[in-house]
Amino acid sequence: MPKLIYLFVFYVFLSTSSVLALSKTLLLASAISIDDEYDRYKKKGDDFFKEGKYAEARRQYQNCLEVPGFENDPYALEQIKKCTSGSALRQQVTDAFAAKNNQAALQALNQLLGLNQDDPITKNQLADYYEREGNLLFNQKNYLKARESYIQALKYATTRQETLRLQIRNIDNLLKPASHTGLKVAVGAVAIGAGIYAVLLRNDFQTKMGTLSQVSQTVDPTGSGTIANPTAYQQYLDAYNAAESAQQKNGLYKACIGVAAVATVAELYLLIHKPKKPVRATGLHWQPSSQSLGVAATFTF
């Protein structure tokens, strides 16, 4: 009889230990799941915030607060405040530009950069503003001020850096004396270089678009829009990203075409006309356009 009691007690002990161990395991798994959920929302919020998408980021940080145990999370609460401020400042920028109050718009844009120095939307707005100012000053033949504006635009530009550098170099060439022969050589080199680079950009874009089309037909021959195989989907995604990257250089392509065209006209002009004195900031100019495409000559494709 005592043996049976001992066996019973031992059995109860084992059962209790197993239940406790199982409970601890389930609690640990639940805690990990909750932490993972919070981390997912936090990462999405951080990604949107870095991109300057404050409304989307705020929703993700709000989701963080709805995860059990994170209702008063300091990080999420602080980021929500920043997102609210960012959205308000962005609206101020829109309203100020609409009212043609450039100084108020610049002030709000600089506040946005103080809030989020990686904000690409704000940087592009600043670059666009200074480039427009540079184009206006260039048209007024105020080349020194135009150059300063282009330099400011270059500080903030996330795209079109080469176009802005080209505009600055054009002004530098206008502001210094140039010999007839040296100018013709320089103009010819610009025309050839810009034309070759434009062709390379165009060929790269067409090649990557062709690759994307071939990959699409391979991984999704029915055109259903669904790619179930992960490897095939990654192959398609790589091709798509490459094509999109090439497409983003469209502005630079147009600028190169315009520069090549204007440089060719300039070359013909210099062959026909022989200036009696060094050519300065008068005569034929490679004038930036008001649409941020680099030069006044425009081409479409």
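Just so it is clear, none of the values below were taken in a lab; they were calculated from the coordinates. Because the structure is a prediction, the values reported are computed rather than measured. Backbone-built Cβ (ideal geometry, glycine too); neighbour counts: all protein chains shown.
Could you list S245, S87 so that the one with the fewest beta carbons within 10 Å of its beta carbon is first and the one with the most is last?
S245, S87
How far apart, in nm, are two points set 7 Å out from the Cα along the Cα-to-Cβ line at L113 and at D204?
Result: 2.7 nm between the two label points.
Which FRET efficiency value, to the nearest 0.05, is calculated for K141 and Q247 with the Förster distance at 35 angstrom and r the Cβ-Cβ distance?
0.50
Can you tell me the length gained on complete extension of the stretch L237 to A104, counting 0.36 nm per residue apart and subtracting the Cα distance?
Net length gain for the segment: 43.7 nm.
Between their Cα atoms, which of K53/K208; K50/K254; K155/K176; K155/K208; K44/K82; K145/K254 are more than 19 Å away from each other?
Beyond 19 Å: K53/K208; K50/K254; K155/K176; K155/K208; K145/K254.
Please report T207, T231, T163, T264 as a ranked list, fewest other C-beta atoms within 10 angstrom at the top and most at the bottom.
T231, T207, T264, T163
Of V67, T94, Q79, whose Cα points farthest to the positive end of the dipole of the stretch 32-106 (charges on the beta-carbon: +1 Lys, Arg; -1 Asp, Glu; origin at the Cα centre)?
Result: T94.
Assuming R0 = 45 Å, what is the FRET efficiency of D47 and I196, from their Cβ-Cβ distance, to the nearest 0.05?
The calculated FRET efficiency here is 0.70.
Can you sort E244, E162 by how many other beta carbons sit within 10 Å, fewest first?
Fewest to most other Cβ atoms nearby, the residues stand as E244, E162.
Using a cut-off of 11 Å between beta-carbons, work out the net charge of the residues near K254 (Lys and Arg +1, Asp and Glu -1, K254 not included).
Residues near K254 contribute +3 overall.
Please report, in debye to the nearest 20, how large the charge dipole of the stretch 32-106 is about its Cα centre when each Lys and Arg carries +1 at its beta carbon and each Asp and Glu carries -1 there.
Approximately 500 debye in magnitude.
Stretched out fully, how many nm does the piece from L268 to N124 gain, at 0.36 nm a residue minus the Cα gap?
48.2 nm
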